[in-house]
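A short worksheet on the structure shown next.
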Amino acid sequence: MSAFFDPLVLLDAGLRGTLLALLLLLSAILARDRSQLLVVRAGIALCLGLAVQVLSATPWIEAMVSRLWQAPLVAISVANAILFWVFVQALFDDDYLLRPWQVLAWFAVAALSALNCAVIAGSDSIIAPLTMGVQRAIPLIFAILAALAAARNWRTDLVEQRRRLRAFIVIAGSIYTVLLLIARLSSPQGRLIGGTAMADVLVLLLIIAIVTFRMLKLGHLDLFPLPVATLQKQVMPSTNPVPVVATGAKLVEDKLVTALQKLMQGEHLYRSEDLTLASLANKMQIPEYRLRKLINQQLGYRNFNAYINAFRLDEARAALSDPAQRDLPVLSIALTSGFQSIGPFNRAFKAATGLTPTEYRKQNMADS
């Protein structure tokens, strides 16, 4: 009984209590606005999953609670790797959709981990090396997948503060996952004991504290997208900004917006297949970060691809509504507008209008 009053045990309990409180606070921050968004729900689920992980990794629970009772806690802890991957994808891609197989993957990983904990671990079963190896590989695999997802979409993110927060979450989360895996592989029976357990909770506490602090400073508009109804109204960038009192900086920004609109609407630069944020910034002879700020803060876009697709979709809608082009194939319209293939065009068009290109053409031809 005196072990519970050991200073190190009390310190460990205090750190875990603080971490649990921060995780609950972070969940509340995420839920304070737009709780219907997938990224918010994934973030809350990840926070709650980490809370379970913090409890299940408590040394006295791992040492004294039977493996049968630990099984559900271990299942959730290991499956957090998939939640982290889903959260990163939803955080980096405002149009991300959760797929049924990803939900099934979470349940499969949870079931395997529970079975390993309750039955297979420490047994003489011939499948023990395989199932335990798979369980230990899962966090590393999904940490790599999360990092790849972040790298794939990071360059097109126009919200500067969100870019920095995302980078920290992915880098810190991936490093923590790898270090935790190494710690468990080097510990007896995969348990975190003594200094290792203390280091685990300290690192996770530091990561969550930084994320919570940064999210408290971030406005919800910087972190999460606008409601769908608002986004659908934002099909084309505004060419008639509301007049404001001009300052030197404002005049410079207005000139840049005018130059950008000329490139897009006058020269139809959006039709270029290899158009990137870097190439557009180079053409305008301004730094890439400044172009991101211009499109985000002056035109209201959070993603470069969404900004470019707005012009492409506007041209496609005009062509599909033109009686003179009624016999022109939809594929030709998509390619002329700047899309490289019919699949991305169809998905983007339906997301913006609620109709397929063919349905849109039929409806507009009937109206005319």
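The values are calculated or read from the model by the stated rules, or taken from the named source; none is laboratory data. These figures come from a predicted structure and were not determined experimentally. Note that each Cβ is placed from the backbone with ideal geometry, even for glycine, and that neighbours are counted across all protein chains shown. We work out accessible area using only protein heavy atoms, side chains counted, and drop any ligands, DNA or RNA first. Shrake-Rupley method; radii C 1.70, N 1.55, O 1.52, S 1.80 Å.
At a probe radius of 1.4 Å, what is the per-residue accessible area of PHE213, in Å² to the nearest 10?
120
Considering only protein heavy atoms and a 1.4 Å probe, what is the carbon-and-sulfur percentage of the accessible area of the stretch 300-368?
On the way: 1780 of 3370 Å².
So the carbon and sulfur contribution to the accessible surface is 53 percent.
Quick query: amide H of ASN303 versus all other amide H atoms, modeled in the peptide plane; which residues come in under 5 Å with a sequence gap of 5 or more or a different chain?
Here the answer is LEU158, since their amide H atoms fall under 5 Å of that of ASN303.
Which value, in Å², gives the accessible area per residue of the stretch 97-152 when a 1.4 Å probe is used on the protein heavy atoms? Walk me through the intermediate numbers first.
Numbers: 3290 Å² over 56 residues.
For the stretch 97-152, the per-residue accessible area is 59 Å².
So what's the angle, to the nearest 10 degrees on a 0 to 90 scale, between helix 67-92 and the longest Cα principal axis of the chain?
20
Test of understanding: in a Gaussian network model of the chain with alpha carbons linked when under 10 Å, which of PRO59, PRO72, PRO323 would top the mean-square fluctuation ranking?
Looking only at PRO59, PRO72, PRO323, the largest GNM fluctuation is found for PRO323.
Of TYR301, TYR289, which has the most accessible area with a 1.4 Å probe, and how do the rest follow in descending order? List each step's numbers first, then the result.
Values: TYR301 10, TYR289 135 Å².
Output order, biggest surface exposure first: TYR289, TYR301.
Leaving ligands, DNA and RNA out of it, work out the accessible area of LYS362 with a 1.4 Å probe and give it in Å² to the nearest 10.
Only protein atoms counted, so the area is about 140 Å².
Between LEU91, LEU331, LEU37, find the one with the highest GNM mean-square fluctuation for the chain; connect C-alpha pairs within less than 10 Å.
Taking springs between Cα atoms under 10 Å, the residue moving most is LEU331.
Hey, if you drop one equal point scatterer on each alpha-carbon of the stretch 1-97 and run the Debye formula without solvent, what base-10 log of I(q)/I(0) do you get at q = 0.21 Å⁻¹?
-1.05
Two-decimal Rg/Rh of the chain from alpha-carbon positions, Kirkwood Rh? Could the numbers behind the result be given before it?
Details: Rg = 25.4 Å, Rh = 23.6 Å.
Radius of gyration over Kirkwood radius for the chain works out to 1.08.
May I ask you to derive the relative contact order of the chain, considering only C-alpha pairs under 8 Å and at least 6 residues apart, and to give it as an integer percent? List each step's numbers first, then the result.
Working: 350 pairs, mean separation 54.1, N = 368.
Here the relative contact order equals 15 percent.
Select from GLY266, GLY300, GLY17 the residue whose mean-square fluctuation is largest in a Gaussian network model of the chain (Cα-Cα springs shorter than 10 Å).
Judging by the Gaussian network model, the answer is GLY266.
Please state the charge dipole magnitude for the chain, taken about the Cα centre, from unit charges on C-beta atoms (+1 on K and R, -1 on D and E), reported in debye and rounded to the nearest 20. Let's see the in-between values first.
Values: 34 positive and 24 negative charges, 79 e Å.
In total the dipole reaches around 380 debye.
Could you give each residue of the stretch 336-350 its phi-based ³J(HN,Hα) in whole Hz, using Karplus coefficients 6.51, -1.76, 1.60 with θ = phi - 60°, and x for Gly or Pro?
Karplus-based 3J(HN,Hα) across the stretch 336-350 equals 5, 6, x, 6, 8, 7, 6, x, x, 5, 4, 5, 5, 5, 5 Hz.
Along each principal axis of its Cα atoms, how long is the stretch 254-342 end to end? Whole angstroms, biggest number first, please.
For the stretch 254-342, the Cα extents along the three principal axes come out at 43, 23, 22 Å.
If you wrap a convex hull around the C-alpha atoms of the stretch 300-353 and split its volume per residue, what is the figure in Å³? Don't skip to the end; give the middle numbers.
On the way: hull volume 4.1 nm³, N = 54.
Convex hull of Cα atoms, per residue: 76 Å³.
Take the residue pairs LYS250/LYS350; LYS250/LYS293; LYS255/LYS283 and return only those whose Cα atoms are more than 25 Å apart. Before the final figure, lay out the partial values.
Values: LYS250/LYS350 36 Å; LYS250/LYS293 13 Å; LYS255/LYS283 15 Å.
As for pairs spanning more than 25 Å Cα to Cα, those are LYS250/LYS350.
Of GLN363, GLY266, VAL86, which is farthest along the charge dipole of the chain in the positive direction, counting Lys and Arg as +1 and Asp and Glu as -1 at C-beta?
About the Cα centre, the residue reaching furthest to the positive side is GLY266.
If one computes the Cα centroid of the stretch 131-155 and of the stretch 299-363, what distance in Å separates the two points?
34
With +1 on each Lys and Arg Cβ and -1 on each Asp and Glu Cβ, how big is the dipole of the stretch 1-159 about its Cα centre, in debye rounded to the nearest 20?
Working: 9 positive and 9 negative charges, 42 e Å.
In total the dipole reaches around 200 debye.
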